[in-house]
Amino acid sequence: MKKMSNRARGNLLNALILICTLGLVLFLSAKNGDIGDAFSTMLSADLKWIALAILSWCMFIGFEAMGLHVFFRQQNIKTKYRTSLLATLIGAFYSSITPAATGGQPMQVFCLKKRNVPAGISTSCLAVKFFTFQTALLSLGALMWATHPEVVQSCIERGRWIIITGFLLNGLSVVAVILLAINKNIVRWILTLAIRAGRFLHLVKDVGRTTSRADAAMNDFHASVDMLTHHPLKLLGLYFLSCIQVLGLMSISYCVYRSLGQSALSYPDILTLQFLLYIAASFTPLPGASGAQEGGFYIFFQGVFPAEQLVGALLLWRFFTYYFTLIIGFGAVMVDSAGSLIKHKNKKEKGMMRVAKKDAGSLGPAENAAENHE
């Protein structure tokens, strides 16, 4: 029997996680009542608010791409906005299918490198974007909690320690990015460890050449980060873009809420619950934080939606915050792959033409005349 490859095992594991997540949703639906209620709830959703949910998703992705684009402009890297948008969608797709979203940023670096963005610059860009996103998430989440304590008190009082843990874990990730940005020795140690592991796994053949490239990328990384630390207004601009991006993602739950005919709670009330849910569940080490997001929504919004609408609302919300990203992101991956194939084909054809011209130039006058006559 043929041994399954690591990639195939990874794909199988991701599929099992998604199946288990679907099983959890069906279990909650069965526990809550008739499964048919969930589908009838989704079919009854107001299309105007569904369109606004899609617009909120576009706002989330669009401003993420804008943050990349602005950073590259600040670093004097000339790229088009569609390049940043493509990298954003590819990163979102791979983040959604890998544990703890670990696959997104490496694939973004690879995508941008193919478009002549140095790896050190793109890595620093993603690190700064992660920092501004997390800072926007935590600051806005804390603000919503402080200004709407009654919502937390009435809806999720029992989950207070889960939320606090989420704040701590997200805060530690911000501190880790700062340490990486200001301490070259930590980055060099991590790179050395990674190269040694690559050599042990026979992934790195030329250690010296790989180390040299890593050092060059590290210098680019710190140069671009240093540029931002000496220009706080630029960093503040990226933070502002991240705030709009975060609000786009968090607004989807309100669109779902209103699409099902509910209006008892205000936009800030729903936003508060969504911020705290995202912060509490975001560090679950499963693709797309599967299980934690669904279970958290069920717990956090149990008192917000009527019992017969709760699972239908969960399915609608999860579709726009996760599965819609998978669908559009997969399309971006296909576009990128097709573009790479076309570029490779054109490069191969040009190479063959150069060889043909060189061979034709090496013929003598008599041979050239005979070839032309033929």
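The values are calculated or read from the model by the stated rules, or taken from the named source; none is laboratory data. Since this is a predicted model, take the numbers as computed values, not measurements. Here Cβ is always computed from backbone atoms with ideal geometry, including for glycine, and neighbour counts include all displayed protein chains.
Name the residues in the stretch 240-251 that are more than 17 Å from the chain's Cα centre (by Cα) and under 11 Å from Gln274 (Cα atoms), would you?
Of everything in the stretch 240-251, just one residue is more than 17 Å from the chain's Cα centre (by Cα) and under 11 Å from Gln274 (Cα atoms), namely Ser251.
Go through (1) at pLDDT 85 or above; (2) surrounded by 20 or more Cβ atoms within 10 Å (Cβ to Cβ); (3) under 30 Å from Pro149 (Cα atoms) for Ala264 and report which single condition fails.
Just one mismatch for Ala264, condition (2).
Hey, any hits in the stretch 154-164 for a residue that's over 15 Å from Gln274 (Cα atoms) and of a type outside the set (Lys, Arg)?
Within the stretch 154-164, one or more residues are over 15 Å from Gln274 (Cα atoms) and of a type outside the set (Lys, Arg).
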